[in-house]
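The values are calculated or read from the model by the stated rules, or taken from the named source; none is laboratory data. Just so it is clear, the structure is predicted and the values come from calculations on it, not from any experiment. FYI the Cβ positions are ideal-geometry reconstructions off the backbone, even for glycines, and counts take in every protein chain you see. Note: accessible area is taken over every heavy atom of the protein model, side chains too, but ligands, DNA and RNA are not part of it. Shrake-Rupley method; radii C 1.70, N 1.55, O 1.52, S 1.80 Å.
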Amino acid sequence: MGSGGREHALAWKLSRAGSLDELHAAPGNPGIAALGQCHPVRAEDGEGLLALAGALEADLVVVGPEAPLVAGVADELRHLGVPVFGPGAAAARIEGSKSFAKDVMRAAGVPTAQSLPVARTPCVIKADGLAAGKGVFVCRTQQELDDALRAAAAFGDALVIEELLDGEEVSLFALCDGARAVPLPAVQDFKRVGDGDEGPNTGGMGSYSPVAGLGAAEAEELVEQIHQPVLDELAARGAPFVGVLFAGVMLTDDGPRVLEFNCRFGDPETQSLLPRLDGDVLELLLAAARGDLSSVSVDVDDGAAVTVVIAAGDYPAGTDVGTPIDGIDAAEAAGALVFHAGTARSGDRILTNGGRILNVTGLGPNVAAARDRAYEACDLITFPDMRYRRDIAAVAHV
């Protein structure tokens, strides 16, 4: 379920699974259409998805975006008897409400940023509800605070005010079956639109994995400290979490602090994460959906992946629709993976259809080599006014 770059990456990985029989997407995109059959059903259309899953006799539904999870689509599908990789509405509140997430973390004893009673610089302002990755505002000056309060209010939700933490931010994922949390490789993403982390926050402009100092042992320790207590607390509240639990973590001098939880794979983190997983990922997701990850193991490739997001010229303020894109085939021929994030097809042409248009992932034995491959491929893709950051993973030491 879904239509972005994250969903194309999921479809690509699932298409390589030996246990796969048929792959269907709702609604999908032109990239996914090359891997399976797309259906004109929106990810938020619960009734349409129920009908589609029933007609297809689906063995597993993988939910990509957060909005349908928070709206309870996974619950509706489970009532039909369909295994779903993705939490029900009660557990998805961990992303749908920042204040709920804070309450869960306090109860679970998970270290997080301190809540503040009033907005004073320096601080972080967050919209309480879903904001497509654009509802967090870092405020170091009074002008930034004034702008943030206006922008956050536009989302129509209550506000959460937190202390501003210093450190390195990482994305940490765990597959969950309601009781167990199985760690996945750490990823680092780049939220600001411009080089040097300048400009407004976006849905994400790039990512890379592995992250220096966060190997398998470190990731497992963090998951035990962060994800497992939250999983236990949600289960105790009658809201077992099934799917992927995604923690945004700040590594401070005083230890890790959780910035936020998400109830789905990250975008564009997934595009750098999935290429590093070996084995049949479909079997992993199915085991989680069936509620038993006790006997699974996650095999990780020793290499690296770097993903660069190619966006519309005025993203994140605006989008680009209907502009022909050239060079995708050349980029793929050069060895990169090209995931469609905001595209449409007209005849034999691929057109722009969104803010973030394409995700270009380079693979290599280390981050530097993967980065070179990603940017070589980006240079082969063209459409008017396209933009992408030139410094993704530039300072990684892996």
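How many Å² of accessible area per residue for the stretch 217-328, probe 1.4 Å?
Accessible surface, normalised per residue, equals 36 Å².
Using a probe radius of 1.4 Å on heavy atoms only, what accessible surface per residue do you get for the stretch 5-110? Whole Å² is fine.
41 Å²
What is the calculated FRET efficiency for Ala368 to Asp299, with r their C-beta to C-beta distance and R₀ = 22 Å, to the nearest 0.05?
For R0 = 22 Å, the calculated efficiency reads 0.40.
Restricting to lysines 8 or more places apart or on different chains, can you count the pairs in the chain with Cα atoms under 23 Å from each other?
9
Residues of the stretch 359-398: accessible area per residue at 1.4 Å, in Å²? Mind showing how you got there, number by number?
Values: 1920 Å² over 40 residues.
On a per-residue basis, the stretch 359-398 sits at 48 Å².
Measure off, as a whole percent, the carbon and sulfur share of the 1.4 Å-probe accessible area of the stretch 1-57, all protein chains present.
Numbers: 1230 of 2650 Å².
Carbon and sulfur atoms account for 46 percent of the accessible area of the stretch 1-57.
Given Cα pairs under 8 Å that are at least 6 residues apart, what percent is the relative contact order of the stretch 279-398?
Averaging sequence separation for qualifying contacts and normalising by length gives 32 percent for the stretch 279-398.
Ignoring solvent entirely, what values of log10 I(q)/I(0) come out of the Debye formula for the stretch 106-200 at 0.19 Å⁻¹ when each Cα is a single scatterer?
Log10 I(q)/I(0), no solvent term: -1.09.
Given +1 on the Cβ of Lys and Arg, -1 on the Cβ of Asp and Glu, and no further charges, what dipole in debye does the stretch 280-398 carry about its Cα centre, rounded to the nearest 20?
About 360 debye.
Taking the stretch 318-367 on its own, what percent of its Cα-Cα pair distances exceed 15 Å?
When every Cα pair of the stretch 318-367 is considered, 49 percent fall beyond 15 Å.
Equivalent ellipsoid semi-axes for the chain, as square roots of 5 times the alpha carbon gyration tensor eigenvalues: give them largest first, rounded to whole Å.
Whole-Å semi-axes of the equivalent ellipsoid: 28, 27, 21.
Could you let me know the centre-to-centre spacing of the stretch 348-375 and the stretch 1-80, using Cα atoms, in angstrom?
23 Å
Lys/Arg Cβ at +1, Asp/Glu Cβ at -1, dipole of the stretch 146-197 taken about the Cα centre: which of Leu149, Val170, Pro183 is farthest positive-ward?
Going by the charge dipole, the pick is Pro183.
Ranked highest first by average number of other Cβ atoms within 10 Å, how do 263-272, 237-246, 46-55 line up?
The most tightly packed comes first, giving 263-272, 237-246, 46-55.
With a 1.4 Å probe and all protein chains left in place, how much of the accessible area of the stretch 194-274 comes from carbon and sulfur atoms, in whole percent?
Numbers: 1210 of 2630 Å².
Reported share for carbon and sulfur atoms: 46 percent.
What percent do you get for the relative contact order of the chain when only Cα pairs under 8 Å and 6+ apart count?
RCO, the chain: 17 percent.
Tell me what the chain gives for mean residue ellipticity at 222 nm when only DSSP H runs of n ≥ 4 count, each as -39,500 (n - 2.57), the sum divided by the residue total, rounded to 500 deg cm²/dmol.
Counting only the DSSP helices, I get -8500 deg cm²/dmol.
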